[in-house]
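Every number here is computed from the coordinates shown, using simple stated rules; none is lab data. Every value quoted in this text rests on a predicted model; they were computed, and no experiment measured them. So basically every Cβ, Gly included, is an ideal-geometry build from the backbone, and we count neighbours across all protein chains shown.
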Protein chains: 2
Amino acid sequence: MIESAGASDAAESAAVAPGARPRIVITYCTQCRWLLRASWVAQELLTTFTTDLGEIALRPGVGGVFTVELDGELIWDRKRDDGFPDVAPLKRLIRDRIDPERSLGHSDRTH
Amino acid sequence: MIESAGASDAAESAAVAPGARPRIVITYCTQCRWLLRASWVAQELLTTFTTDLGEIALRPGVGGVFTVELDGELIWDRKRDDGFPDVAPLKRLIRDRIDPERSLGHSDRTH
């Protein structure tokens with residue numbers, strides 16, 4: 001799906017109608033120096049979901065915040081969920097909401 | 001300014017009212033594998049401007065796109081500007097718009 005969309009649109013330089021696709025926001029604590037962690041998570045998700053996502057926003061915050069929101073839904077909160085997300089379960093949470101039929105390969109295994 | 005804002009808000013976990021602060025969008029071509037480049041630029045800008053920025057969005061596109069927008073203004077376009085931005089001039093473009101009095105240290109030097 002991603003490849004065919006890319007091929008058909010290759011002649012035009014565009015953002016593939018981002019408004020219609022899911023938006024993820026990662027809010028991280030600058031005081032805790034979690035930019036690198038937030039950026040790593042963003043790259044993992046963009047590598048997996050590529051143009052199926054509209055965008056991922058990195059949002060600087062304070063006070064130990066580390067949250068992941070998908071179209072406004074809080075799918076991970078370091079304080080609520082007692083720690084940082086690992087990328088495989090985070091990808092499953094997102095996949096279940098945006099494309100439940102999709103296989104995530106090794107990220108679908110729990111071992 | 002960043003430090004004092006951080007200190008005063010340290011007790012609460014928050015995104016520091018992102019709506020009031022500038023938003024940057026980096027659109028990159030997935031076919032060209034420019035995610036790493038886009039992510040690097042985002043990290044450079046977030047390291048420099050930290051909580052003076054509301055957010056930086058990474059937006060997957062196609063067809064050789066690489067653009068940087070600041071609050072809707074196209075401040076860099078690989079096709080228009082004949083190549084990729086280096087981070088020092090890009091930081092100056094952003095600083096001039098969001099905080100003209102601010103010193104960027106070595107990024108203010110042209111050599």
Rounded to a whole number, the mean other protein chain Cβ count within 10 angstrom for residues of B:49-56 is 5
Of A:91-101, B:47-57, A:50-60, A:27-37, ordering from highest average Cβ density within 10 Å down gives A:50-60, B:47-57, A:27-37, A:91-101
HN-Hα couplings for the range A:102-107 via Karplus (6.51, -1.76, 1.60; θ = phi - 60°), in whole Hz with x for Gly/Pro, come out as 6, 8, 9, x, 5, 6
Within 10 Å of the Cβ of an average residue in A:60-69, the count of other chain Cβ atoms is 6
Note: A:83-96 gets an average of partner chain Cβ contacts (10 Å, Cβ to Cβ) equal to 0
Computed from every Cα-Cα pair in the range A:52-107, P(r) in 10 Å bins starting at 0 and rounded to whole percents is 19, 53, 24, 3
Quick calc, B:ASP86 & A:GLU44: beta-carbon distance into FRET formula, R0 30 Å, rounding 0.05, result 0.70
Between B:ASP99 and B:CYS32, Cβ-based FRET efficiency (R0 35 Å, step 0.05) works out to 0.65
Note to self: C-alpha centroids of the range A:54-71 and the range B:61-111 sit apart, in Å, by 23
Sorted shortest first, the nm distances from the A:ASP81 label point (7 Å along Cα→Cβ) to its counterparts in the other copies are 3.5
